Every structure is written in C-alpha cells, then in structure tokens.
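Every number in this text was worked out from the coordinates using simple rules, so none of it is lab data. Since the model is a prediction, treat every value here as computed from it, not as a measurement. Cβ atoms come from the backbone with ideal geometry, glycine included; neighbour counts cover every protein chain shown.
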Amino acid sequence: MGEKEAADEAFYERNMLALLYADGWYWHDEWKVLVINSPAGQLTFHVPPDFDTFNLPQIIPCWDGHTTEEKFNRIKRYLYFDEQKRRKKVSPSGL
C-alpha cells in the first residue's frame with residue numbers, strides 16, 4: 001500500500017469513528033460536517049462531500065465557534081472525567 005492509500009484509509013477510519021458518535025451533519029463550504037454533542041462540548045469533523053452518512057439526519061448548521069485545539073481539549077477533558085468516574089466505581093480492593 002502506498003503512502004496516499006494509507007493516508008486515505010486512515011482518514012476513512014477516522015471519518016467512520018466520527019460517524020459512529022455523530023448526532024447529525026450539515027453542509028459547510030462543499031464539505032459535510034459531522035456534529036458530536038459530547039458531555040464536554042460540541043465536536044465537529046469535516047468529511048468529504050461523497051462520504052456516506054447512512055441514515056444520520058441532516059441538521060441546521062450549528063457550529064459553536066470552537067477551534068481545532070478546543071475540540072481536542074474537549075475530547076481530553078471528556079476522557080479525563082470519564083476515567084475519574086470509572087475509578088470511583090472500582091471497589092477499594094480493586095475487584
């Protein structure tokens with residue numbers, strides 16, 4: 001597999017993962033934008049215009065103005081708080 005094919009496959013996997021958690025999508029500058037409303041805030045991912053969103057509903061554009069850096073910080077914040085929640089559920093003996 002060449003470098004371009006490997007990159008295309010990696011983006012396709014990322015797009016499918018975003019689609020798995022997406023609440024809807026909308027058009028922006030000829031790109032589809034997948035929207036995930038996470039507990040830590042909105043996350044958006046641009047995907048190619050021909051990307052199949054299956055039965056995911058098309059929604060009114062609703063970007064909250066976050067930057068890419070803010071998106072990644074929201075993901076990290078969600079993962080951190082989710083980990084803290086899981087740790088609290090573990091018994092003192094670790095079982």
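Convex hull of alpha carbon positions in the chain: directionally averaged projected area 9.0 nm². Applying the criteria of a DSSP loop state and at most 11 other Cβ atoms within 10 Å to the chymotrypsin sites (Phe, Trp or Tyr not before Pro) of region 1-80 yields Phe54, Trp63. Enumerate the lysines that Lys88 could reach by cross-link, defined here as Cα to Cα under 27 Å, with residues fewer than 8 away along the same chain left out. Within reach: Lys71, Lys76. Sites listed here are GluC sites (Glu not before Pro) in region 1-82 whose DSSP assignment is loop and whose Cβ has at most 15 other Cβ atoms within 10 Å: Glu30.
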